[in-house]
Amino acid sequence: MSPTHKIAVLPGDGIGPEIIEQAIKVLKAVEQKFNLNFELTYAPMGGAGIDAAGVPLPPETLKLAQESDAVLMGSVGDFKYDTLDPKIRPEQGLLQIRKALGLYANLRPVKGYKCLEHVSTLKPEVVNGIDVMVIRELTGGIYFGQPRAREGSGTQEKAYDTLVYTQPEIERIARIGFESALSRRKKLMSVDKANVLASSQLWRDVVNTVAKDYPDVELSHMYVDNAAMQLILNPKQFDVILTENMFGDILSDEASMLTGSLGMLPSASLGERKANGQRNALYEPSHGSAPQFAGQNKVNPIATILSLAMMLEYSFGYSQAASQIDTAIEQVLEAGYRTFDIMGPGATEVGTAELGDRIAAALLALPAAVAV
């Protein structure tokens, strides 16, 4: 009998609960098909955490995440919390859990599906066959640097943030980047702004030093403004993109448009390995909570389902199960079923729940396979 894997499920806010529901449908299909066992425990976070416990990351939720083998999360945030002090808004829960779990490496694969080439605003020949991994440092940089403040008033009012990176922070994320490149096409593009920023100069120096341990990987560097342009001009030149927190936040959202929708972009956030050899890990779609669509059964759950697939592969080593989820998604898309964000001529528009049902059914219909 396979071991029982403990998963903390944090549905979050807005569309979070309904997209998480679809991922759980697929996970149940995985359990049935591969004879696996998952123990799911739900907890509030973000606005749901504020409603339940007055804070975006309740202590009980963090404790559950720390004691689980992996965390599956929806999205956080809602317009109704916009009047709260920024220090206690839902998004702070996400920053807090990343920091508490040491989730320093964010992996965002950007893979195109041939049947969705028309959805991108770029020409099909530009996006055809794209397969890029964006690796973003997640716990350092300007989002976490101190000091940061907004002070004064009138013409004397000012605000400032601090962009800080240390050598160890850069080295550990660089090694994730090189290891990822080794398992792919062995090309790593490090993105910085070394012509202007001291932090980027250190970043480039450390990445060059780490590169000596990976002679089989072709390393190159690119300034972030040029990288933003090149992602649109010629995205297929990239294999693995390695970059710091804010640059990665921006570039990965830009890269999602190569697939036509943020609803297609999953992510994995990984930490250091624990004593048992596993990493703390959190899996979530790259898009936001879209509260304007909450409860309407219309949003795209594929990013969340692909995040589940990443969990199966990265946290539990079930690469065959992850691959079959991707195959099931492709089959459903090829059959013409779409949510509104990826609609096209001749396609059939379906709701969130129906797309989840169809992907789970397609997975179960695939030829039998082992999980690993």
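Derivation of every value follows stated rules applied to the coordinates shown; laboratory data play no part. Please read these numbers as outputs of a predicted model, since none were measured by experiment. Positions of Cβ are generated from backbone atoms using ideal geometry, with glycine treated the same way; all protein chains shown enter the neighbour counts.
Things to note:
- Given (i) 18.5; (ii) 22.8; (iii) 19.7, the label whose value is mean projected area of the Cα convex hull in nm² derived from this model: (iii)
- Estimated vicinal HN-Hα couplings, Hz - the stretch 215-227 in sequence order (Karplus 6.51, -1.76, 1.60; Gly, Pro = x): x, 7, 9, 7, 9, 9, 10, 8, 5, 5, 5, 5, 4
- Cβ-derived FRET efficiency at R0 41 Å, Q230 paired with T348, nearest 0.05: 0.70
- Ranking I135, L122, G154 by how far each Cα lies toward the positive end of the dipole of the stretch 118-185 (charges on Cβ) leaves L122 at the top.
- Net charge of the neighbourhood of Y113, taken over other residues with C-beta under 9 Å away and scored Lys/Arg +1, Asp/Glu -1, is -1.
- Prolate/oblate/rounded call for the stretch 131-257, Cα gyration tensor, a/c under 1.5 rounded: prolate
- Taking every alpha-carbon pair under 8 Å whose residues sit at least 6 apart, the stretch 131-257 reaches a relative contact order of 37 percent.
- Each helix, a run of at least 4 DSSP H residues, gives -39500 (n - 2.57); summed and divided by the residues of the chain, these come to -12000 deg cm²/dmol at 222 nm.
- Protection proxy ranking of 88-98, 289-299 - average other beta-carbon atoms within 10 Å, highest first: 88-98, 289-299
- A Förster distance of 41 Å, applied to the separation of the beta-carbon atoms of K6 and S183, puts the FRET efficiency at 0.95.
- Contact order for the stretch 246-372, expressed relative to its length and based on alpha carbon pairs under 8 Å spaced 6+ residues apart, stands at 22 percent.
- Under a Gaussian network description of the chain, with springs only between Cα atoms under 10 Å, the residue in G140, G102, G346 that fluctuates furthest is G346.
- Applying 0.36 nm per residue to the separation of I250 and A100 and subtracting their alpha-carbon distance, the gain on full extension is 51.7 nm.
- Charge context of E349, other residues only, Cβ under 14 angstrom, K/R +1, D/E -1: +1
- Rounded to the nearest 20 debye, the dipole magnitude of the chain is 480 debye, with +1 charges on Lys and Arg beta carbons, -1 on Asp and Glu beta carbons, and the Cα centre as origin.
- Highest-fluctuation residue, L197, L312, L27 considered, GNM on the chain with Cα pairs under 10 Å: L197
- Here the stretch 264-305 is scanned for amide nitrogen atoms under 14 Å from the site 7 Å beyond the Cα of K28 along Cα-to-Cβ, giving none.
- Only Lys, Arg (+1) and Asp, Glu (-1) charged, at Cβ; the stretch 76-235 dipole about Cα centre in debye: 260 debye
- Separation between Cα centres of the stretch 225-293 and the stretch 186-204, rounded to whole Å: 18 Å
- Residue-by-residue Karplus 3J(HN,Hα) for the stretch 142-154, coefficients 6.51, -1.76, 1.60, Hz, glycine and proline x: 6, 6, 10, x, 10, x, 8, 6, 10, 8, x, 8, x
- Extreme residue, positive dipole direction of the chain, given options M73, A211, I302 (C-beta unit charges): A211
- GNM result for the chain, Cα springs below 10 Å: residue of G47, G277, G14 fluctuating most strongly: G277
- Amide H within-cut-off set for H5, under 5 Å, with H built and near neighbours excluded: N37, F38, E39
- Taking 27 Å as the limit for the C-alpha separation, the pairs K28/K187; K25/K99; K33/K274; K80/K274; K114/K187; K28/K298 exceed it in the case of K28/K187; K25/K99; K33/K274; K80/K274.
- Net charge contributed by nearby residues that have their C-beta within less than 12 Å of N297 (K/R +1, D/E -1): -4
- Fewest-first sequence of T304, T83 by Cβ atoms within 10 Å of each Cβ: T83, T304
- Residue-wise HN-Hα coupling along the stretch 77-82, computed from phi with Karplus coefficients 6.51, -1.76, 1.60 (Hz; x: Gly, Pro): x, 7, 4, 5, 9, 5
- For the stretch 150-185 and the stretch 44-82, distance of Cα centres in Å: 24 Å
- As a rough guide to protection, the peptides 51-61, 260-270 ranked by mean Cβ packing within 10 Å, highest first, stand as 260-270, 51-61.
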